Amino acid sequence: MTTPQTSSGPSTECGCSTRQTWSPPDVVREAAGGDHSLIFNLIDAFSTDTADRIEQIREALAASNFARISDEAHTIKGSARQMGADAVASACQELELACGLQDASLIAARLNVVQERFCEIRGAMAEYSNPR
């Protein structure tokens, strides 16, 4: 497993080298009713929404808007749990907790972990969507 970056600023790079597998959780499979295209659409929506929210967190961090960071992390955490991206959800929970301390360098470090976990799960979801 790769170690999270320790820089004081949030990273936009996706340097993950960890390969993991992902399959839709039961709730997603049941909701899709066997329609794989719906699962692929959910994967795409999760990926796009999460990437956008991570960018919003970066902007909020630059403005020291800790409440917004916490709100965005909370939203990502919920959708990650629904999509079976538990490592992303856990990283978001840690980010939410860091917001209470209002320590920008700690928040940036936690955001880097969220980014790394998201990169890993996005890769795993892409592998699921596009098997070789």
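Values quoted throughout were computed directly from the atomic coordinates according to the rules given, and no laboratory measurement underlies them. The model shown is predicted, which means the values in this text are computed figures rather than measured ones. So basically every Cβ, Gly included, is an ideal-geometry build from the backbone, and we count neighbours across all protein chains shown.
If packing is taken as the mean number of other Cβ atoms within 10 Å per residue, what is the order of 75-88, 105-118, highest first?
Working: 75-88: 19.6, 105-118: 22.4.
With the highest mean Cβ count within 10 Å placed first, the list reads 105-118, 75-88.
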Using θ = phi - 60° and Karplus 6.51 cos²θ - 1.76 cosθ + 1.60, couplings along segment 28-36 (whole Hz; Gly, Pro as x): 6, 4, 5, 5, 6, x, x, 8, 5
Distance in nm between pseudo-label sites at D86 and D49 (7 Å out along the Cβ direction from Cα): 2.1
Please list, in order along segment 65-79, the HN-Hα scalar couplings obtained from phi with the Karplus expression 6.51 cos²θ - 1.76 cosθ + 1.60 (θ = phi - 60°), rounded to whole Hz, x for Gly and Pro. 8, 5, 5, 5, 4, 4, 4, 5, 4, 4, 5, 4, 4, x, 5
